[in-house]
Amino acid sequence: MNVLIVGGSGGIGLALVKHYLTSNDVNVFATYRTQKPFLNHPNLAWYKVNVTVESDIEELANQLPSLRLLINAVGMLHDGEHNPEKSIKEFNSDFFNKNIAINVTPSLLLATYFSKHLTAKSTSHFITISAKIGSIEDNRLGGWVSYRSSKAALNMAMKTISIEWRFKQANTCVLVFHPGTTDTELSKRFQRNVPEGKLFTPEYVANCLSRIIRDTSSSDTGKFYSYDGSILPW
Ligand SMILES: NC(=O)c1ccc[n+]([C@@H]2O[C@H](COP(=O)([O-])OP(=O)(O)OC[C@H]3O[C@@H](n4cnc5c(N)ncnc54)[C@H](OP(=O)(O)O)[C@@H]3O)[C@@H](O)[C@H]2O)c1
């Protein structure tokens, strides 16, 4: 079975790469943008890809065989210059556009260039890691408007793809996944108020997602799953 982890150098992405390498019959293709992780394995191939550059995604698609699973684990919450906004007064349109470019557009490009890789006779999965903060219905706190809006847009994009593919490639299960607060670079500076037992390791989250993948098929397409297997409202 062939698996592609986009953003395999991230906290959750690398845990997913390691998780799938524990099976002998899985070939893992994984991408990094900046630093290639120090992880080598006969069943693992690394590719340097900037997912905000369309030609990088097209080139990757041209090099890879058909896939049973594609997970996009790329994401951004803050950069060197900006933190997520506490108030709309902190809104900055460049930061907002960067959130869209990293958190939304890549999944649409991956669907564009990899749809033909996911047309297996049995179930294949196309998954993106989103966040519950992107749920419009669940929004009670406000704040973090750029990240929150980008994840809401990502959720809508994935739902839309799932509806189109229900007819065009009926074996592909399109899912959106919320990992919970996970101990990675992305969340490091926001972990202070996480309740005890609610800060997860990337390994735990990788296990949660792989269980959901194992237990779902094309009839589950278009769902938004939380790490514990429950379904989240859009
Ligand atoms: N951690 C949490 O608590 C949490 C909670 C909810 C949702 N999530 C979501 O989970 C996903 C994974 O996050 P994480 O916690 O694992 O974060 P992370 O450790 O910061 O990893 C982020 C990944 O995104 C990659 N990336 C960023 N910009 C990129 C670009 N332009 N092109 C290619 N790759 C790029 C990074 O690659 P390089 O390192 O090579 O730059 C890295 O692999 C994200 O979508 C995030 O929003 C995380």
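The values are calculated or read from the model by the stated rules, or taken from the named source; none is laboratory data. Just so you know, these numbers come straight off a predicted model, no measurement behind them. No Cβ is skipped: glycine too gets one built from the backbone with ideal geometry, and neighbour counts run over all protein chains shown. The area values use the complete protein model at the heavy-atom level, side chains included, leaving out ligands, DNA and RNA. Shrake-Rupley method; radii C 1.70, N 1.55, O 1.52, S 1.80 Å.
A few points about this structure:
- Heavy-atom surface of region 1-69, accessible at 1.4 Å and reported per residue (Å²): 50 Å²
- Between helix 145-168 and the chain: long-axis angle, C-alpha atoms, 0 to 90°, nearest 10: 30 degrees
- Ordering I136, I231, I127 by accessible surface, largest first, gives I136, I231, I127; the 1.4 Å probe counts only protein heavy atoms, with every chain in place.
- For the chain, the dipole from Cβ point charges (+1 on Lys and Arg, -1 on Asp and Glu) about the Cα centre works out to 260 debye, to the nearest 20.
- Accessible surface of region 98-152 [probe 1.4 Å, protein heavy atoms]: carbon and sulfur percent: 59 percent
- Normalised per residue, the accessible area of region 72-177 is 48 Å², obtained with a 1.4 Å probe and no contribution from ligands, DNA or RNA.
- Note on surface exposure: W165, W234 rank W234, W165 by accessible area, highest first, 1.4 Å probe.
- Share antiparallel - DSSP beta bridges, the chain, percent rounded to 5: 5 percent
- Solvent-accessible area of H82 with every protein chain in place, 1.4 Å probe, in Å² to the nearest 10: 50 Å²
- The 1.4 Å probe gives accessible areas that order E185, E85, E203, largest first, as E185, E203, E85.
- For region 149-228, the Rg and Dmax computed from alpha carbons only, in angstrom: 14.8, 45
- Choice from K121, K223, K151 showing the highest fluctuation, given a GNM over the chain with Cα pairs closer than 10 Å: K121
- In summary, the lysines within cross-link reach of K89, defined as a Cα separation below 20 angstrom excluding same-chain residues under 8 places away, comprise K98.
- Acute angle (nearest 10 degrees) that the helix 11-21 long axis makes with the longest principal axis of the chain, alpha-carbon atoms: 20 degrees
- Between 0 and 90 degrees, the angle of helix 93-103 with respect to the longest Cα principal axis of the chain falls at about 30 degrees.
- When you work out D = kT/(6 pi eta Rh) for the chain at 25 °C and 0.890 mPa s, using the Kirkwood radius from C-alpha pairs as Rh and the Stokes-Einstein form, the result is 137 µm²/s.
- Atom-type composition of the exposed protein surface of region 1-94 places 45 percent of the accessible area on carbon and sulfur (1.4 angstrom probe).
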